[in-house]
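Here's the structure, in structure tokens; my notes come after.
Nothing in this text is a laboratory measurement; each read-out follows from the coordinates by a stated rule. Because the structure is predicted, anything quoted here is derived from the model rather than measured. A quick note on method: Cβ atoms are made from the backbone with ideal geometry, for glycine too, and the neighbour counts reach across all protein chains shown.
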């Protein structure tokens, strides 16, 4: 059995008439369940504007709970089994995916394709095509390019409480003052040395984190060796 996780499409959320996003998320969530997903993340309706508010996050959770407890969609393993339309679409996706994998293999594998900017170019090309379709009306987005309103509704974005930010900064300062910073730096050096070769980084990172190194410090140690990836512009 293929085990997979599904997240609803944040790219399809709109800042215009954002309540419509709740409908989009519900439909996408239902599609994921009918497709056999074992794990599901439903986006919050206001994520097109900012980090989700508590209310929006709760509604996203309630969407999953309605699907799970108020319908019988979870009672059948494969409700679309034998459907000509679904089987045909599945075959189309399999054919296209196999061809795409073959192209990547011909480039020398996934890493080589990344270095050549292949995946980035494919994503950008697809995004550009979709944007053109939306702009010319070929692809309908309800509330954005069709069924629009003149109402200018204001949705205040979520603001992080400055007190919480200050509290977290204070906790971080306390951590750094109470740990053995010499030992932390030694273990970060081990990470750097391991990153220069082909050794397993799992255990050096585990040891550094156990000594109370922060995730940011571990990431910085890796960046010291590997730098930052600069994608190739092909689009």
Förster radius 22 Å - calculated FRET efficiency between residue 139 and residue 91 (Cβ-Cβ, nearest 0.05): 0.40
Whole-number percent relative contact order across segment 162-226, with pairs defined as alpha carbons under 8 Å at least 6 apart: 35
Förster-model FRET efficiency, 25 Å R0, residue 233 and residue 11, C-beta, rounded to 0.05: 0.75
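Taking segment 115-166, how much of its Cα-Cα pair set, in percent, is spaced more than 12 angstrom apart?
It works out to 77 percent of all Cα pairs.
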Residue-averaged 222 nm ellipticity for the chain, from DSSP H runs of 4+ at -39500 (n - 2.57), nearest 500: -18000 deg cm²/dmol
Correct choice for Rg and Dmax of the Cα atoms in Å that was computed from the model, options [x] 20.0, 79; [y] 23.5, 65; [z] 26.6, 85: [y]
Residue 83-residue 41 pseudo-label distance in nm [points 7 Å out on the Cα-to-Cβ vector]: 2.5
Nearest-ten-degree value, helix 20-34 long axis tilted from longest Cα axis of the chain: 90
Crossing angle, helix 54-69 versus the chain [Cα axis fit, 0-90 degrees, rounded to tens]: 60
Extended-chain gain in nm, criterion 0.36 nm per residue less alpha-carbon gap, residue 58 and residue 223: 55.7 nm
Added length on full extension, which subtracts the Cα-Cα distance from 0.36 nm per residue, residue 151 to residue 180: 4.6 nm
Spin-label model distance (nm) - residue 207 vs residue 119, 7 Å beyond Cα toward Cβ: 3.0
Degrees between helix 215-226 axis and first principal axis of the chain (Cα, 0 to 90, nearest 10): 80
